[in-house]
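Chemist: Here it is: the structure, laid out below.
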Amino acid sequence: MSGHVAEQTQKRTRVSMPAVAVITVTARNTTALSPDGEIKSYPHDQARMIFHKRPVIVCHAPYTRHRLGTDDLITYDVLELFAFVHPAKFCVPTPFGIANALGIHVGENSEDAPLALHESVRVLLSDLRASESDEEIRANLLGIADAMGAQGKGWVWTPYIFSALNAEYDPDRQILTRTALNIWKNLPEWSEGAPPPPAGHDSVSGEEARERLRSMLTQGRNAEPRPQQMDYTGQIASIFAPAQNADQPHVLLAEAGTGVGKTLGYLAPASVWAEKNGGPVWVSTYTRNLQRQIGQELERLYPDPMVRDRAVSIRKGRENYLCLLNYEDLANAAALARHVTQIISAGLMARWISATKDGDLSGGDFPGWLPALLGYGGTTSLADKRGECIHSACDHYHRCFVERSIRKARHADIVVANHALVMINTALAGTATPDDQPHRYVFDEGHHLFDAADGAFSGNLSARETADLRRWIFGQEGGKRSRARGLKRRMEDLIAGDSAAEEDLEKIIQAAHSLPGPGWSKRFKERAAFGATEQFLALVYQQVYARADGRDGPYSLECTTLPLIDGLGDAARLLKTRLNDLRTPMMVLAGRLRRRLGEQSATLDTDTRRRLESVAASLQRRGEMTIGPWIAMLDTLESGNADDQFVDWMEIERIEGQAIDVGLYRHWIDPMIPFAAAMKTQAHGIAITSATLRDGTGDDEEDWRVAIERTGALSLTPAPHRFAVSSPYNYADQTRVYIITDVRKDDLDQVAGAYQALFEAAGGGGLGLFTAIQRLRAVRDRIAPKLEDNGIALYAQHVDEMDTGTLVDIFRADTHACLLGTDAVRDGVDVPGDSLRMLVYDRVPWTRPTILHKARREAFGKRRYDELLTRLKLRQAFGRLVRRADDRGVFVMLDSMLPTRLHGAFPEGVKIERVGLADAVKGIKDFWSTDSGS
């Protein structure tokens, strides 16, 4: 052993650790490492008795309690310790995941798990000792840990933090919690700069794009560009030509099969255009996984971290970023909180705030598993999700993560955003500032544009939406402590002395009393609705419940709007009057503030100007984009004359049979119409790209017609360009497709048996997709212990106490694990390599026949529409199997009723076999036993 290693080992040996058992859980057993070093395995029933109300070291306490079926464990959660010591470092939240993140190498069987966890505690505590040399860092760590300890009644790790830092913990010492958690004082401030000049209009040639691509590839492993990639990047360059006609952008639909390298293919011309013209190119994605992948590829374009930091910005909506004022409120209340979880949350969030790169709570360096440990209230709810920001009136304005992100994006070359933000900005194009309206866009994962636009351009006159609007106006009501700030508090200093504006504000507040107040859901249950909105929605609930099928099932209920039940027409007229009473002063006040911006432009300071702009835009946005559509929907109810561009319906939203919302809903039948109308007024060039833009009927013109229809391309320009390049992968050799003919899909014992046999045949690496949560749970309960006996861990969405992203991370890290999820989870799974080598559907994923789907089915071709949606789902799912040149995968459909018309979802040349389960299992074993190079 080297002297350095020996020294490190001795230092780790000396740290003080809890003298308690370490336990890890699987589907059937609990494995325990005693303080004496003895390892034993117990059935869960026995483990519950042994560790009843005893302290134990665990990984992921909620998951452990759920697996054990008990709430009375006293836990030292190693994930909490990890979040304290390495607050912005990624780890998979399992014993082996933590060990790998810390560079600890242990075995892989269940008996090694508690050993890995024990050694991880030792390493984490010894890692703290690296902070001893910096007195300021050490003092901050001790202060936060002391606050979390709550004088011996709080965080169980506090004494061990002190010991690791060679300090003595005194639980009787008085703690100044606010001072200890005042982490924002150490954050850097952003400074206001001059706005960037308008972008130029120089084009990008195909050769310029290809030359940039060659340069980028030399920064990675693949020095030689593929011909398909070179063709693709040359085509993308066409959208960077100068605009020729107003409201008519250059539009390219570019389908690039998996493995072409489309990310680098569009980044190459985008970066050339940004550098030549001094303007940003926005790259929009649908999933976090692709955002992360683009970030990795941008390292090739900008290998120097400082250059990359200047040139690249990740932009998300305001609701994704931590609000420092919200955190300050949490920290101030933590010391007096009834439950220790709040002070623990405040401490761990303080550690993360001090380390995060960008304050992004929905990705980036935020641990996705932390909300499951600490709860929503002390973690992700710290974002400004209701538009309650007070902007420059906030003490933290110049340290604000959101404001920093916005300013960085204005000066970046490449802005990576998500479809949701782009759709919102597009929908609000009339109220947004010019700074937020770029002219060049690349929409990756373009097959999701239709769904993104559907969400952005819809209207929901529901209990939750109207209650949220009331909360935005009033702040928290009912005497409860809350971080919510009402409209009056946010703007009263801006309009002080302006009697007309003050009168407008008072009218808004008075009119908002007609919206649902605190306790609305309880009043609904007691049939005691109060106010115009609650009375209207109570009658909507009555109509839906009287007419909808499936009242005894778990799903949401819906019905058509007409004919109305008795009293609902009168309630709609009254509500329309009340909403007009609310909307009118909002629009008047917004106009008044905008006039002030013009009249006082010479005297307003920058911060006040931005606050006025923001409040005016917020009022106008809610008046035009929220209340306006509500009034229009009520007009339609009153007149009975439906607009054939929309579909309206009433719905009781339920989760597992429990009603959580009720409302009147309106969606565009084709949401790409409003998207295109807003986009073409600002965009000069748009590329829409995906591996699955086209349909798979086999008729190329029909397949392209679908792509044009679902992207709104013809509404953007009369002559959109289109281009397709196929994947370089040999799917015929690398994949297999089996359709099982002898498993009854309505017999869950047979379905479960099939999943078990298939997962065992693949040796793990299986993703099971289900069309219903109940079926998923039933299969999981039947097969989890049996798979575990064969060394295959099974995780399940809607069963395990973890969010979907965390489950995918665990699945990705363990090549012998399997994961069950609903059909929608397929978009969040990006797992190259052996970790995903089989995908199994329980049934054909036909779209659920809702009122909205029925209207679109009529508009878009009836059966053809059903089939294209299902083909798209299957095509996307199949595409998860092969992400790299050496990947191999098997796709299995347990539903024998899969029609041959849907076989176009699979690449040409792939062998599709309709066989019994036994033959499929044999074929799968033979496929995996064959050398991949043969």
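Chemist: Looking only at region 801-831, which residues are modelled with pLDDT of 85 or more and open to solvent by 10 Å² or more (accessible area, probe 1.4 Å)? So that I can check it myself, show each step before the final result.
Modeler: Going residue by residue through region 801-831, those that are modelled with pLDDT of 85 or more are 802-822, 831.
Once the filter is applied, which keeps residues that are modelled with pLDDT of 85 or more and open to solvent by 10 Å² or more (accessible area, probe 1.4 Å), region 801-831 yields Met802, Asp803, Thr804, Gly805, Asp809, Arg812, Ala813, Asp814, Thr815, His816, Thr822.
Chemist: State which residue is surrounded by the fewest Cβ atoms within 10 Å (Cβ to Cβ) when the search covers only region 64-88 and only residues that are in contact with a Pro (Cβ under 9 Å, 6 or more places away or on another chain), modelled with pLDDT of 95 or more and not in a strand (DSSP E or B).
Modeler: Among those residues, the one meeting the criterion is Pro87.
Chemist: Follow-up. Cβ-Cβ under 6 Å, sequence separation 6+ or interchain: first residue in region 159-172 and under 17 Å from Glu136 (Cα atoms), partner open to solvent by less than 50 Å² (accessible area, probe 1.4 Å) and in a loop (DSSP other than H, G, I, E, B). Which pairs?
Modeler: That search, which allows pairs on different chains as well, returns Phe162/Tyr169; Ala164/Val15.
Chemist: Output the residues belonging to region 891-927 that are within 17 Å of Leu869 (Cα to Cα), hydrophobic (A, V, I, L, M, F, W, C) and surrounded by fewer than 16 Cβ atoms within 10 Å (Cβ to Cβ).
Modeler: Result: Met897, single match.
Chemist: Do you know which of the residues in region 168-182 that are of a type outside the set (Gly, Ala, Ser) and surrounded by 22 or more Cβ atoms within 10 Å (Cβ to Cβ) is modelled with the lowest pLDDT? Write out each step before concluding.
Modeler: The first filter runs over region 168-182 and keeps only residues of a type outside the set (Gly, Ala, Ser), leaving 168-179, 181-182.
From what is left, the residues that are surrounded by 22 or more Cβ atoms within 10 Å (Cβ to Cβ) are 177, 181.
On the way: Thr177: 86, Leu181: 92.
The residue in question is Thr177.
Chemist: Tally the residues that are open to solvent by 20 Å² or more (accessible area, probe 1.4 Å) and part of a helix (DSSP H, G or I), restricting the search to region 147-167.
Modeler: 3
Chemist: Which members of region 255-287 meet the condition of being out of contact with any Ser or Thr (no Cβ under 7 Å at 6 or more places or on another chain) and in a helix (DSSP H, G or I)?
Modeler: Step one: list which residues in region 255-287 are out of contact with any Ser or Thr (no Cβ under 7 Å at 6 or more places or on another chain), which gives 261, 263-264, 267, 270-287.
Matches in region 255-287: Thr263, Leu264, Leu267, Ala270, Ser271, Val272, Trp273, Ala274, Glu275, Lys276, Asn277.
Chemist: Here's a follow-up. Criterion first (under 30 Å from Asp733 (Cα atoms), of a type in the set (Asp, Glu) and open to solvent by 10 Å² or more (accessible area, probe 1.4 Å)) does Asp789 satisfy it? Even if it seems obvious, please write down each step before you answer.
Modeler: Working: under 30 Å from Asp733 (Cα atoms): no; of a type in the set (Asp, Glu): yes; open to solvent by 10 Å² or more (accessible area, probe 1.4 Å): yes.
In short, no.
Chemist: Can you tell me which residue among Ile23, Ile50, Ile104 is within 32 Å of the chain's Cα centre (by Cα), without any contact (Cβ under 8 Å) to a residue 40 or more places away in the chain and not assigned by the TED database to the domain that holds Cys818?
Modeler: On the way: Ile23 fails: without any contact (Cβ under 8 Å) to a residue 40 or more places away in the chain; Ile50 fails: within 32 Å of the chain's Cα centre (by Cα).
Criteria check complete, one pass: Ile104.
Chemist: If you go through region 510-534 one residue at a time, how many are part of a helix (DSSP H, G or I) and open to solvent by 80 Å² or more (accessible area, probe 1.4 Å)?
Modeler: Start the filter on region 510-534 by keeping residues that are part of a helix (DSSP H, G or I), which leaves 510-514, 520-525, 531-534.
If we keep only those that are open to solvent by 80 Å² or more (accessible area, probe 1.4 Å) too, we end up with 510, 513, 522, 525.
Qualifying residue count, region 510-534: 4.
Chemist: Can you pull out the residues in region 485-542 that are more than 17 Å from Leu461 (Cα to Cα) and of a type in the set (Ser, Thr, Tyr)?
Modeler: Let us first name the residues in region 485-542 that are more than 17 Å from Leu461 (Cα to Cα), namely 485-510, 518-519, 522-523, 525-528.
Passing the criteria: only Ser499.
Residues checked against (1) closer than 30 Å to Tyr266 by Cα; (2) not in a helix (DSSP H, G or I):
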residue	(1), (2)
Glu638	no, no
Met650	no, yes
Glu653	no, yes
Val662	no, yes
Ala678	yes, no
Thr681	yes, yes
Ile688	yes, yes
Trp704	yes, no
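Chemist: Right, Val260: modelled with pLDDT of 95 or more, among the β-branched types (Val, Ile, Thr) and buried (at least 18 other Cβ atoms within 10 Å of the Cβ) or not?
Modeler: On the way: modelled with pLDDT of 95 or more: no; among the β-branched types (Val, Ile, Thr): yes; buried (at least 18 other Cβ atoms within 10 Å of the Cβ): yes.
Taking the combined requirement at face value, the residue does not satisfy it.
Chemist: Within region 34-55, track down each residue that is more than 28 Å from Ile783 (Cβ to Cβ) and either in a strand (DSSP E or B) or among the charged types (D, E, K, R) (or both). Reasoning before the result, please.
Modeler: Pass one, region 34-55, residues more than 28 Å from Ile783 (Cβ to Cβ): 34-38, 52-55.
The answer is Asp36, Glu38, Lys53, Arg54, Pro55.
Chemist: Which of the residues belonging to region 231-288 are out of contact with any Lys or Arg (no Cβ under 7 Å at 6 or more places or on another chain), among the β-branched types (Val, Ile, Thr) and closer than 23 Å to Pro195 by Cα?
Modeler: Result: Val283, single match.
Chemist: Against the definition (modelled with pLDDT under 90, assigned by the TED database to the domain that holds Leu619 and either under 27 Å from Tyr541 (Cα atoms) or aromatic (Phe, Trp, Tyr) (or both)), how does Gly478 come out, yes or no?
Modeler: Values: modelled with pLDDT under 90: yes; assigned by the TED database to the domain that holds Leu619: yes; either under 27 Å from Tyr541 (Cα atoms) or aromatic (Phe, Trp, Tyr) (or both): yes.
Judged against the criteria, Gly478 is a match.
Chemist: On the basis of being without any contact (Cβ under 8 Å) to a residue 24 or more places away in the chain and surrounded by fewer than 17 Cβ atoms within 10 Å (Cβ to Cβ), does Ala116 make the cut? Walk me through it before giving the result.
Modeler: Working: without any contact (Cβ under 8 Å) to a residue 24 or more places away in the chain: yes; surrounded by fewer than 17 Cβ atoms within 10 Å (Cβ to Cβ): no.
Criteria not met by Ala116.
Chemist: Which of the residues spanning region 835-863 are touching a His at 6+ places or on another chain (Cβ under 8 Å) and outside any helix (DSSP H, G or I)? Outline the logic, then answer.
Modeler: At the first step, the residues of region 835-863 found to be touching a His at 6+ places or on another chain (Cβ under 8 Å) are 847, 852.
Passing the criteria: only Thr847.
Chemist: For region 241-254, which residues satisfy the criterion of being open to solvent by 10 Å² or more (accessible area, probe 1.4 Å) and not aliphatic (A, V, I, L, M)?
Modeler: The initial filter retains those residues of region 241-254 that are open to solvent by 10 Å² or more (accessible area, probe 1.4 Å), namely 241-248, 250.
Of everything in region 241-254, those that are open to solvent by 10 Å² or more (accessible area, probe 1.4 Å) and not aliphatic (A, V, I, L, M) turn out to be Pro242, Gln244, Asn245, Asp247, Gln248, His250.
Chemist: Against the condition at pLDDT 95 or above, closer than 17 Å to Ser271 by Cα and open to solvent by 20 Å² or more (accessible area, probe 1.4 Å), how does Ser238 come out, does it pass? Walk me through how you get there before you give the answer.
Modeler: Working: at pLDDT 95 or above: yes; closer than 17 Å to Ser271 by Cα: yes; open to solvent by 20 Å² or more (accessible area, probe 1.4 Å): yes.
Yes: the conditions hold for Ser238.
Chemist: Step by step: first the residues of region 349-365, then only those that are in contact with a Phe, Trp or Tyr (Cβ under 8 Å, 6 or more places away or on another chain) and without any contact (Cβ under 8 Å) to a residue 60 or more places away in the chain, then the one that is most open to solvent (accessible area, probe 1.4 Å). Which residue is that?
Modeler: Asp358
Chemist: Just to be sure I understand, how many residues within region 187-218 are within 19 Å of Ser392 (Cα to Cα) and open to solvent by 60 Å² or more (accessible area, probe 1.4 Å)? Let's see the steps before the verdict.
Modeler: Here is the first cut: in region 187-218, the residues within 19 Å of Ser392 (Cα to Cα) are 187-195.
Remaining after also requiring open to solvent by 60 Å² or more (accessible area, probe 1.4 Å): 188-189, 191-192, 194-195.
Qualifying residue count, region 187-218: 6.
Chemist: If you scan region 882-901, which residues turn out to be in contact (Cβ under 8 Å) with a residue 24 or more places away in the chain and farther than 23 Å from Asp747 by Cα?
Modeler: Passing the criteria: Val882, Arg883, Arg884, Ala885, Asp886, Asp887, Arg888, Gly889, Val890, Arg901.
Chemist: Is at least one residue of region 748-760 in a loop (DSSP other than H, G, I, E, B) and either more than 20 Å from Asp834 (Cβ to Cβ) or in contact (Cβ under 8 Å) with a residue 40 or more places away in the chain (or both)?
Modeler: Step one: of region 748-760, the residues in a loop (DSSP other than H, G, I, E, B) are none.
So far as region 748-760 goes, no, none of its residues is in a loop (DSSP other than H, G, I, E, B) and either more than 20 Å from Asp834 (Cβ to Cβ) or in contact (Cβ under 8 Å) with a residue 40 or more places away in the chain (or both).
Chemist: Restricting attention to region 860-875, which residues are within 22 Å of Val829 (Cα to Cα) and open to solvent by 20 Å² or more (accessible area, probe 1.4 Å)? Steps first, please.
Modeler: Initially, region 860-875 is screened for residues within 22 Å of Val829 (Cα to Cα), giving 868-875.
If the condition is that a residue be within 22 Å of Val829 (Cα to Cα) and open to solvent by 20 Å² or more (accessible area, probe 1.4 Å), then Leu869, Leu872, Lys873, Arg875 are the ones that fit.
Chemist: Name the pairs whose Cβ atoms lie under 8 Å apart, with the first residue in region 786-803 and farther than 14 Å from Ala757 by Cα and free of Cβ contacts under 8 Å to residues at least 24 places away in the same chain, the second part of a helix (DSSP H, G or I) and of a type in the set (Lys, Arg), and 6 or more positions between them or separate chains?
Modeler: Filtered contacts from region 786-803: Val799/Arg777; Val799/Arg780.
Chemist: Shifting gears a bit: When you check Lys507 against the structure, is it of a type outside the set (Ser, Thr, Tyr), over 26 Å from Leu539 (Cβ atoms), at pLDDT 95 or above and open to solvent by 60 Å² or more (accessible area, probe 1.4 Å), yes or no?
Modeler: On the way: of a type outside the set (Ser, Thr, Tyr): yes; over 26 Å from Leu539 (Cβ atoms): yes; at pLDDT 95 or above: yes; open to solvent by 60 Å² or more (accessible area, probe 1.4 Å): yes.
Judged against the criteria, Lys507 is a match.
Chemist: Between Ile137, Ile98, which is assigned to a helix (DSSP H, G or I), within 24 Å of Ile353 (Cα to Cα), open to solvent by 60 Å² or more (accessible area, probe 1.4 Å) and among the β-branched types (Val, Ile, Thr)?
Modeler: Values: Ile98 fails: open to solvent by 60 Å² or more (accessible area, probe 1.4 Å).
Step by step, each of Ile137, Ile98 is checked, and only Ile137 is assigned to a helix (DSSP H, G or I), within 24 Å of Ile353 (Cα to Cα), open to solvent by 60 Å² or more (accessible area, probe 1.4 Å) and among the β-branched types (Val, Ile, Thr).
The values are calculated or read from the model by the stated rules, or taken from the named source; none is laboratory data. Here the structure is a predicted model, which means the values were calculated and not measured. When we count neighbours, we look across all protein chains shown, and the Cβ atoms used for this are built from the backbone with ideal geometry, even at glycine. Calculation scope for accessible area: heavy atoms of the full protein, side chains included, ligands and nucleic acids excluded. Shrake-Rupley method; radii C 1.70, N 1.55, O 1.52, S 1.80 Å.
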